[in-house]
Amino acid sequence: MTANPTLTGQQIAARALLDLLGRDLPGVTWTLCLYTGLLSGQPDHQPPLADRRAAITRYAEVLDATPEVHRYRNPTPDHAGHLGVDAEYLGARIRVWVALTEADVAELDAEQAPAVADA
């Protein structure tokens with residue numbers, strides 16, 4: 001009899017999820033893709049950008065990863081991209097992300113623009 005690789009992936013993801021749930025982290029809704037084994041978390045609501053950034057930063061610290069902004073190719077005012085962190089944690093693939101509006105992306109871009117001195 002051979003081992004069921006999907007079940008093993010589910011067990012690995014469950015162990016990682018239990019560890020994350022035991023930590024003092026912002027609340028998210030978790031989903032598990034049975035085909036890829038990706039454990040994905042997203043907040044239940046859309047708080048202000050500063051709160052969403054703080055949540056992603058906190059998960060990034062625990063997952064030892066760097067948050068990244070992903071811009072959508074065909075953005076709309078309400079769905080322009082996402083801010084997320086992807087990592088491997090306790091053998092599981094983890095993604096925690098928050099949606100970004102067009103205004104959010106513009107704000108993040110403005111923060112990244114070099115400061116221009118007044119002439």
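The set of residues in region 26-84 that are under 11 Å from Leu100 (Cβ atoms) and free of Cβ contacts under 8 Å to residues at least 12 places away in the same chain contains only Tyr72.
Inside region 44-69, residues that are in contact with a strand residue (DSSP E or B) (Cβ under 6 Å, 6 or more places away or on another chain) and surrounded by 11 or more Cβ atoms within 10 Å (Cβ to Cβ) make up a count of 8.
Restricting to region 73-119, and then to whatever is surrounded by 13 or more Cβ atoms within 10 Å (Cβ to Cβ) and in a loop (DSSP other than H, G, I, E, B), can you tell me which residue is modelled with the lowest pLDDT? Ranking the candidates gives Pro75 first.
Hey, Gly9 hits all of (1) open to solvent by less than 40 Å² (accessible area, probe 1.4 Å); (2) closer than 27 Å to Glu111 by Cα; (3) more than 16 Å from the chain's Cα centre (by Cα) but one; which does it fall short on? Here Gly9 clears every test but (2). Residues satisfying the criterion are present in region 21-40 (criterion: part of a helix (DSSP H, G or I) and either out of contact with any His (no Cβ under 8 Å at 6 or more places or on another chain) or open to solvent by 70 Å² or more (accessible area, probe 1.4 Å) (or both)).
The values are calculated or read from the model by the stated rules, or taken from the named source; none is laboratory data. These figures come from a predicted structure and were not determined experimentally. For neighbour counting, all protein chains shown are included, and Cβ atoms are generated from backbone atoms with ideal geometry for every residue, glycine included. Just so you know, the surface numbers come from the protein's heavy atoms only, side chains and all, with ligands and any DNA or RNA stripped out. Shrake-Rupley method; radii C 1.70, N 1.55, O 1.52, S 1.80 Å.
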